[in-house]
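Written below as structure tokens is the structure these notes are about.
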Amino acid sequence: MKKVTALILALLFIVCGCTQPEISPASSSQEPEEPPMQVRQASKEQLSQIWDGYILPGIANIFNHDFEVPEELDPRELVIYCWRLYGLSQQADSLERVEERRPGDSQDDQMQSWIVVPAQMMTQWIERYFDLEQTDFSFLKEETGNFSYSEDKNAILVREGYPAASDEKYPLGERNLWGLELTEALYFSDNIVTATLVSYDTYENMLVSSKQTITFGQRENGELYFLSCSSESINNHQAVITGKYSAYTADFGEQLETLSGFKMIGETQDSVYLYDSQINNINWGEEKLLTIYQLSNATFRLQSKVEIPMQWSENALFSGVSMRDGSIFVRAPFAVYEVSEDLSLVREVELPECIYEKATGATGDNLGFYGYDMLPDYSKFVYGDKGGLFLYDLETDAQTELIRNKFQETPMGKSVAVRSFPRFVKDDTQVISSVAGYESGAGWSVIELATGNSLADIPLYHVSPFDVYYDDGLAMIGTFIDNNKWPENGYYDFDTGEITLIEFESENTFSIRRTSEVGYDGQGYSAFLLPDEREDGYGWKLGVLDHDTCEVKENILTIQNAQAQVIGVLADGRVMVYYRVNSAEQGLLVTPPPR
């Protein structure tokens, strides 16, 4: 019966002209679905291997910053990382040793012992851990630290004893100097491994302040190699701020990691101008980029910015930025850049030959140059070198020696006191400069230009004329040390030539200006941060000095559990204070004008 039924259905298809639907080639070649990604947690043994064999050697160098690909890492960092892995191994014990003095060694030192690491061996290590082909190590030729390069041997020379055999190896899970812990590692089926490092604020509160994700590739033999490193700061709302203030975003409309070191250059009716004053501490080779930011002085949002590429040299010295008569003057090592209020570059002025040769090292002795200043019309320059302080007159092309450097007593003993970062002050009738000997400061020097007389040697410490942005009749408020007496705080008046000491309510007022970051002298007001140490944490207290009344107001603002610095003081007395716990918890605070 079933056969008869099937025959009848087949005849009906034929009679009706019906055929079975064709299957299209596309539908017949559908791509098979990819298997789902498989992930497994690393075992404790694998975590320990990753910690000891990959992460621990890199904490002090390659993990100090993020990188998206290994090519972004400095080749020096690659060399340091690989040697920290192999320097204490048996493989290193068999390497050749040589005795010689390398660049940077004192002539009084004995010959040093160096380990000879063939360039080919370092190339293999770098390829093993970073999947990079690094064959040129000539960049180490002028190094003065633990590494150098021998062209004759085509080898890297490593100072014997680095890293020290006593360098502690922190086992996985134990407390360490960096407050870091490897919490997990994930193995993915596409041969990718991710490791998570957490950083604790302190081991007492165990607050996670940041996380780092390190990504590895995995070879068939199980070896790992670095692919990337990314970090994320955690906002634990640790900062405690009291007082009257307005809070603003700290990035000024940009993704700046930090405002540490930023200083106010000056202001106009509507704008305030800032720059990073720590540019001397950044080694950028043959060129540095100085950025000036223009902010609204009402909202403190970014209005504009200008980037000035400055020519640089190995021992070049940046002499600072100032704003006068509506123009910003950038005292770069090779030229003066004049910028208008709208951040247009007005002109680039060449330095006089006598300054240029010293500032650029054309004389072969650029270590003996200590900065310069000039009048807004460029008619006169003042500069310091290893001989003393000099005034240059552009019209007459004449140089005048203002004061000769000489031996004098300092808190560290007798040494040659050099004058650095000179500045025209008191309506350009005087020149101030910082006086310093070997690893010591001797205060400030004040010279009257009309007579050439040295008016005073001010025992003012911890601050430099580099940070003079306004000529307001007062030398920086700071710490004075006179004849080995207990340090006292006060200010110097250019008109009277007298030091006025300041009385504080707070007990802990030693050295109110230990660094330039904690103070600023503006038009009419100076601001400073006093340390506020408590049992429940550290902090700062903001104080303000009125230049007219010479009265000090303390505790205008208190900041606990965060680093802080004074960025600037506006003409109406508002103070700009930057605080930071980490990149996720930071901000700009502006106090109201004093009543």
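If the label point is 7 Å along Cα→Cβ of S246, which residues in segment 558-572 have backbone nitrogen under 17 Å from it?
Answer for segment 558-572: 567-572.
Top to bottom by accessible area (1.4 Å), largest first, where do K426, K153, K263, K386 land?
From most accessible down to least: K386, K153, K426, K263.
What do the square roots of 5 times the Cα gyration tensor eigenvalues come to for segment 110-232, in whole Å, largest first, as semi-axes of the equivalent ellipsoid?
Those come to 33, 22, 12 Å.
Pairs K305/K386; K288/K541; K244/K305; K263/K305; K305/K358; K44/K211: which exceed 26 Å Cα-Cα? Intermediate results must be reported in sequence, preceding the final value.
Numbers: K305/K386 36 Å; K288/K541 35 Å; K244/K305 30 Å; K263/K305 15 Å; K305/K358 31 Å; K44/K211 20 Å.
Table pairs above 26 Å Cα-Cα are K305/K386; K288/K541; K244/K305; K305/K358.
Report, to the nearest whole %, how much of the accessible area of segment 165-240 belongs to carbon and sulfur atoms, 1.4 Å probe, protein only.
47 percent
Gain in length, E503 to N235, computed as 0.36 nm per residue apart minus the alpha-carbon separation, to one decimal in nm?
My answer for the length gained is 92.7 nm.
So how much slack lies between R219 and C354, counting 0.36 nm per residue of separation and subtracting their Cα-Cα distance, in nm?
So the extension gain works out to 42.5 nm.
Report, in debye and to the nearest 20, how large the dipole of segment 322-363 comes out about its Cα centre when Lys and Arg carry +1 and Asp and Glu carry -1 on their Cβ.
180 debye
Can you tell me the order of 393-405, 299-311, 320-332 when each peptide is scored by its average per-residue count of other Cβ atoms within 10 angstrom, highest first?
Most protected by this proxy first, the peptides run 320-332, 299-311, 393-405.
Which distance in nm do the two modelled labels at S304 and W178 give, with both placed 7 Å along the Cα-to-Cβ direction?
It is 4.4 nm.
How many angstrom lie between the Cα centre of segment 64-94 and the Cα centre of segment 554-595?
Using only Cα atoms, the two centres lie 40 Å from each other.
The values are calculated or read from the model by the stated rules, or taken from the named source; none is laboratory data. Note that the structure is a prediction, hence the values are computed from the model and not measured. Note: ideal-geometry Cβ built from the backbone for every residue, glycine included; neighbour counts use all protein chains shown. Heads up: the accessible areas ignore ligands, DNA and RNA and are worked out on the full protein's heavy atoms, side chains in. Shrake-Rupley method; radii C 1.70, N 1.55, O 1.52, S 1.80 Å.
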